[in-house]
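Please read the structure below before turning to the comments.
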Amino acid sequence: MIIDIPEGKDPIGYVWGEMVPGIGIAAAGFSLSVYEHSTLGLREFEAARLRIAQINGCLFCQDWRTERDGRKVEAEFADAVSQWRTTELFDDRTRLAAEYAERYATDHHGLDEPFWTRMLAQYTQAEVVELSMSIGSWLAFGRLNRVLGLDTVCVLPGH
């Protein structure tokens, strides 16, 4: 971790809440809202989230599994996300969520008309916007935590 955390302070709370309260608290609210208000299916949500976690290298994000109504994705899901092109575990929407996340993070200029035709055949425009905002949150904040070394001490509030 490259940030000096005072003795007895929670690293996430300190960095996100105390160091830059005008930004960090709002960022934390946005990050949590992605989980609290998502209307996307759990598998699509997790495929995109895990693909970004893999790209960012965020250790906590790769280990975390979103839970909804007492359900989580199966244990082999993360490996399937790594192999989103060929896995037989994904339907079209889940595969597209992983693909979109990867391309959003690594080749957003390459999101061409054929991609959008496939995407909009599976997702509504509102779902595309929601997925885009979610991916943006994971990309920014997961990468921030990884770069600063917070991913080894990260715990979501209330968990």
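For region 30-58, filtered to residues that are of a type in the set (A, V, I, L, M) and farther than 11 Å from Gly142 by Cα, the residue that is most open to solvent (accessible area, probe 1.4 Å) is Leu32.
Only residues that are within 21 Å of Asn56 (Cβ to Cβ), free of Cβ contacts under 8 Å to residues at least 24 places away in the same chain and open to solvent by 60 Å² or more (accessible area, probe 1.4 Å) were counted across region 77-91, and they come to 3. Against the conditions (1) of a type outside the set (Phe, Trp, Tyr); (2) closer than 26 Å to Met119 by Cβ; (3) part of a helix (DSSP H, G or I); (4) open to solvent by 80 Å² or more (accessible area, probe 1.4 Å), Ile25 satisfies every one except (2).
Taking (1) without any contact (Cβ under 8 Å) to a residue 24 or more places away in the chain; (2) farther than 16 Å from Asp151 by Cβ; (3) in a helix (DSSP H, G or I) in turn, Tyr14 satisfies each apart from (2). So, Arg95, is that one touching a residue at least 12 places away in the same chain (Cβ under 8 Å), charged (D, E, K, R), more than 30 Å from Trp16 (Cα to Cα) and crowded, with 18+ Cβ neighbours inside 10 Å or not? Answer is yes for this residue. Taking helices (runs of 4 or more DSSP H) as the structural unit, those lying wholly within region 75-140 and holding at least 2 residues that are aromatic (Phe, Trp, Tyr) correspond to 92-106, 113-122. Quick one: in region 33-44, of everything that is among the small types (Gly, Ala, Ser) and outside any helix (DSSP H, G or I), which residue is nearest to Ala75 (Cα to Cα)? Here the answer is Gly41. Does Gly110 satisfy the criteria of being out of contact with any helix residue (DSSP H, G or I) (no Cβ under 7 Å at 6 or more places or on another chain), over 19 Å from Asn145 (Cβ atoms) and free of Cβ contacts under 8 Å to residues at least 12 places away in the same chain? Criteria not met by Gly110.
Comparison of Arg49, Arg65 shows that the only residue that is without any contact (Cβ under 8 Å) to a residue 40 or more places away in the chain, of a type outside the set (Val, Ile, Thr) and out of contact with any strand residue (DSSP E or B) (no Cβ under 7 Å at 6 or more places or on another chain) is Arg65.
The set of residues in region 45-71 being modelled with pLDDT under 85, of a type outside the set (D, E, K, R) and in a helix (DSSP H, G or I) consists of Leu59, Phe60, Cys61, Gln62.
The values are calculated or read from the model by the stated rules, or taken from the named source; none is laboratory data. Here the structure is a predicted model, which is why all the values come from computation and not from measurement. Because the Cβ atoms are built from the backbone with ideal geometry, glycine has one as well, and the counts that use them run over all protein chains shown. Accessible surface is based on the protein model in full, side chains and every heavy atom, while ligands, DNA and RNA are left aside. Shrake-Rupley method; radii C 1.70, N 1.55, O 1.52, S 1.80 Å.
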